[in-house]
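Step one of this worksheet: look at the structure below.
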């Protein structure tokens, strides 16, 4: 033990007085813990536009980061015991800082490169493999380096066994407090204010400063400090050169909110909103005022299933988006009062800025289920449009939720649900949702949207809902609207319910959705695989 103590004391002396002051070591632990959590949250935002922000992706992120930290703990402890030179620790911190600063620019190329490779090499679980390999390549190494911080600092801060417990406890407290702050700052401050790329740069800059202060204070490592500073500045410049969809030059807006990556495209005919880089359109605005040609048109059958064409109708949209459904109902139906609930306030801002959402349409910034819990109003139509590809809020998929919706419908009211991922599987997510809804409502009908993967579900306790639709459709004066309703009537089918019930306690919507979207992706990738087989990489590039 005396030998260990003497080695540590000598080591601190050789480093100047900086490490003799434990506060700098505690600050290193504090900012390292903060940066780990910031990188973890940044990872979720970097991956979400490509692979979704589902619980599956979060599980992969957390799992790979835990692997990196565990390996870093082991290596850091062994390294500190073998050669307790603090230079090595702060070199690793500088390396981690530069790597993290490079993620916003190079990470997007890695994601696309891995996705392209997997297109031609795997047949199942595309999203899982793509997200997992991306995390391993992009995030494991810098977090492995940060994982070495704690065991190394223990070596430098413990002077004797008499106060080892107190010292290690203080280090742990600083790490935990840093982690807490590193959790809140990206989510509520930096990402909404300046974006994901800048968030990576902010926290990598903190790590850079930690390393630079150490080497500058001890008057050594000037070349290393200069090189890492230059690389960091280069990454700062590069990170602002491109967005998530850097290959797409037709964007009028690309940004981020607390909840989503947001992308707005516009041409002479339409403006569309997407929360995913690679696939899916969440909202569309047809500038001519005509029908959208999407699932919104089919969903407009819901108001015609209740009352008469001319009767006053109150419509609520849970998952308002940019208000396409509300505007179409206002345009094509008389005496409609439409309001919506949208959890992402930035989407509502974009709706007014780019999608001409009428000011008279009230939008409440809230979670859909939470809104129903505090509202006592009843509606003629409630549209549930809160499912985005694999990202299905489990709290808005359960039998308890649909019972809550039913309580807010008038006696002949109708619920319409937009289900994104149509599948022929009897065990797919749509069948689970439909079975769950059928356990709450007496009458359930579904219709598949032509040319899309959407399926619209209509549910009501009114046994005359289909005959009411037919009767009201005959009175429509607008030819395009009448034709659309004719399409719905011809293709709508009563749903034959099974016994797959989702509850608040058990709703595996992530796994069910992943299975379906994996099938959809594979269908879409058939053409790419054929091109690769026939023409190789050149065929894919073309």
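Here, each number is a calculation from the coordinates, and none is a lab measurement. Values in this document were obtained by computation on a predicted structure and should not be read as measured data. Every residue, glycine among them, receives a Cβ derived from its backbone with ideal geometry; neighbour counts consider all protein chains shown.
Structural remarks
- Relative protection proxy for 88-101, 201-214, from highest mean packing down: 88-101, 201-214 (other beta-carbon atoms within 10 angstrom).
- Alpha-carbon centroids, segment 19-48 and segment 49-122: separation in whole Å: 14 Å
- Ordering 478-486, 329-337, 346-354, 147-155 by mean Cβ neighbour count within 10 Å, with the highest value first, yields 147-155, 346-354, 329-337, 478-486.
- Pairwise FRET efficiency - residue 407 versus residue 478, Cβ, R0 = 41 Å, nearest 0.05: 0.75
- Rounded if a/c under 1.5, otherwise prolate or oblate - segment 409-462, Cα gyration tensor axes: oblate
- Of all beta bridges that DSSP places with both ends in segment 290-509, some 45 percent have antiparallel geometry.
- Three-way shape call for segment 290-509 based on the alpha-carbon gyration tensor, with the a/c threshold at 1.5: rounded
- The simple Förster model, with R0 at 41 Å and r as the Cβ-Cβ distance, assigns residue 219 and residue 117 a FRET efficiency of 0.30.
- Extension gain, residue 288 back to residue 183 (0.36 nm per residue minus Cα-Cα distance, nm): 33.3 nm
- In degrees, nearest ten, helix 164-185 long axis to first principal axis of the chain (Cα): 30 degrees
- Estimated distance in nm for a label pair at residue 253 and residue 427, the labels positioned 7 Å out from Cα along Cα-to-Cβ: 4.3 nm
- Acute angle (nearest 10 degrees) that the helix 196-217 long axis makes with the longest principal axis of the chain, alpha-carbon atoms: 10 degrees
- For segment 356-474, the equivalent ellipsoid derived from the alpha-carbon gyration tensor has semi-axes of 21, 19, 16 Å in decreasing order.
- Per residue of the chain, the DSSP helices (runs of n ≥ 4 H) give a summed -39500 (n - 2.57) that works out to -18500 deg cm²/dmol at 222 nm.
- Cα-derived Rg to Rh of segment 181-327, Kirkwood definition: 1.22
- Between segment 475-503 and segment 219-266, the Cα center-to-center distance that results, in Å: 46 Å
- Cα shape, segment 2-239, gyration tensor, a/c 1.5 rule: prolate
- Here the residues 111, 119, ranked from fewest to most Cβ neighbours within 10 Å of their Cβ, fall in the order 119, 111.
- Arranged from fewest to most other beta-carbon atoms within 10 Å of their beta carbon, 71, 233 become 233, 71.
- FRET efficiency estimate (nearest 0.05) - Cβ-Cβ, residue 365 to residue 400, R0 22 angstrom: 0.45
- For the chain, the spread of Cα coordinates along the three principal axes comes to 93, 55, 43 Å, biggest extent given first.
- Beta bridges per DSSP, both residues in the chain: antiparallel share near 60 percent.
- Folded to 0 to 90 degrees: helix 22-51 orientation relative to the chain principal axis, Cα: 30 degrees
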